[in-house]
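Student: Please see the structure below; I have some questions.
Read-outs throughout are calculated quantities, based only on the coordinates presented, and are distinct from any laboratory measurement. Bear in mind that the values here come from a model prediction, so they are computed numbers and not experimental data. Cβ coordinates were reconstructed from backbone atoms using ideal geometry, including for glycine residues, and neighbour counts include every protein chain displayed.
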Amino acid sequence: MVSFFSEGIDFKAVNPLKTKKWIKNASISEGYEVSQLNYIFCSDEYLLEINKQYLDHDYFTDIITFDNSEEDNKLEGDIYISVDRVRENAETFHSDFDTELRRVLIHGLLHLAGYEDSDEALKKAMRAKEDEYLRLF
């Protein structure tokens with residue numbers, strides 16, 4: 001199951017049924033079944049506190065993904081997304097908000113599926129995978 005929540009802000013996902021189906025299809029393409037994915041939309045400040053508390057990082061980020069999976073090939077996790085960062089990134093990268101939001105949604109799923117972005121080569125591979133799934137939306 002894929003669920004959308006907001007924490008401390010008033011935000012609703014656009015086209016939630018289509019987006020959920022897209023996320024589930026991407027998961028299947030990666031060889032996983034969605035058990036429970038919770039996408040929590042929040043502010044910069046809210047995500048900064050999570051970043052400090054759980055990751056010991058004192059900077060803004062657009063997404064933090066917590067993997068709660070206990071079974072192989074099943075995705076379960078909590079994915080926190082800063083709507084503020086997504087808006088700013090959309091402007092920075094000359095993208096519209098909805099496209100940038102979908103990129104971040106799929107980015108979290110890809111982390112749960114084992115993709116990393118800790119160096120430039122891995123970032124490039126992950127970006128290519130994001131682009132692939134964006135085209136399928």
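Student: Per DSSP H run of at least 4 residues, take -39500 (n - 2.57); add these up for the chain, divide by its residues and hand me the 222 nm value, nearest 500 deg cm²/dmol. Walk me through the intermediate numbers first.
Tutor: Working: 5 runs with 69 residues, N = 137.
Helix-only estimate at 222 nm: -16000 deg cm²/dmol.
Student: DSSP beta bridges in the chain, what fraction antiparallel, as a percent rounded to 5?
Tutor: Values: 5 of 19 bridges.
Given both bridge residues lie in the chain, the antiparallel proportion sits at roughly 25 percent.
Student: Over region 2-136, what is the mean sequence separation of C-alpha contacts under 8 Å (at least six apart), divided by residue count, expressed as relative contact order in percent? Present the calculation step by step, with values, prior to reporting the outcome.
Tutor: Values: 203 pairs, mean separation 29.2, N = 135.
With pairs under 8 Å counted, the relative contact order is 22 percent.
Student: Calculated from the structure, Kirkwood radius over Cα pairs in Å equals which of (i) 15.6; (ii) 16.3; (iii) 15.1?
Tutor: Matching entry in (i) 15.6; (ii) 16.3; (iii) 15.1: (iii).
Student: In what sequence do 1, 126 fall when counting other Cβ within 10 Å, fewest first?
Tutor: The most exposed by this proxy come first: 1, 126.
Student: Could you compute the net charge surrounding residue 114? Neighbours are other residues with a C-beta less than 10 Å from the C-beta of residue 114; K and R count +1, D and E count -1.
Tutor: Numbers: positive: none; negative: 30, 67, 116.
That works out to -3.
Student: So who's got an amide H within less than 5 Å of the one on residue 77, skipping anything under 5 residues away but keeping other chains? H placed 1.01 Å off N, in plane.
Tutor: Those lying under 5 Å, H to H, from residue 77 are 36, 37, 38, 68.
Student: Follow-up. Taking the Cα centre of region 22-137 as the origin and placing charges on Cβ (Lys, Arg +1; Asp, Glu -1), which of 109, 22, 81 is farthest toward the positive end of the dipole?
Tutor: 22
Student: Right, another one. To the nearest 20 debye, what is the magnitude of the charge dipole of region 60-137 about its Cα centre, counting +1 on the Cβ of each Lys and Arg and -1 on the Cβ of each Asp and Glu?
Tutor: Values: 10 positive and 20 negative charges, 60 e Å.
The dipole of region 60-137 has a size of about 300 debye.
Student: Using per-residue counts of other Cβ atoms within 10 Å, averaged over each peptide, order 28-38, 98-108, 51-61 from highest down. Before the final figure, lay out each step's value.
Tutor: Working: 28-38: 15.7, 98-108: 21.2, 51-61: 11.6.
Going from most to least packed, we get 98-108, 28-38, 51-61.
Student: Further question: Figure the gain on full extension for residue 72 and residue 44 (residue separation times 0.36 nm, minus the Cα-Cα span) and round it to one decimal in nm.
Tutor: Values: separation 28, 0.36 × 28 = 10.08 nm, distance 3.25 nm.
Full-extension gain reported as 6.8 nm.
Student: Excluding residues fewer than 8 places away in the same chain, name every one of the lysines whose C-alpha is closer than 24 Å to that of residue 124.
Tutor: Result set, ordered by chain and number: 24.
Student: While we're looking at this one, here's another question. Can you list residues whose amide H is under 5 Å from residue 57's amide H, if they're 5+ apart or on another chain and H is modeled 1.01 Å from N?
Tutor: Under 5 Å from the amide H of residue 57: 52.
Student: Quick one: order 18, 129 by neighbouring beta-carbon count within 10 Å, fewest to most. Present the calculation step by step, with values, prior to reporting the outcome.
Tutor: Working: 18 11, 129 19.
Fewest-to-most Cβ neighbours within 10 Å comes out as 18, 129.
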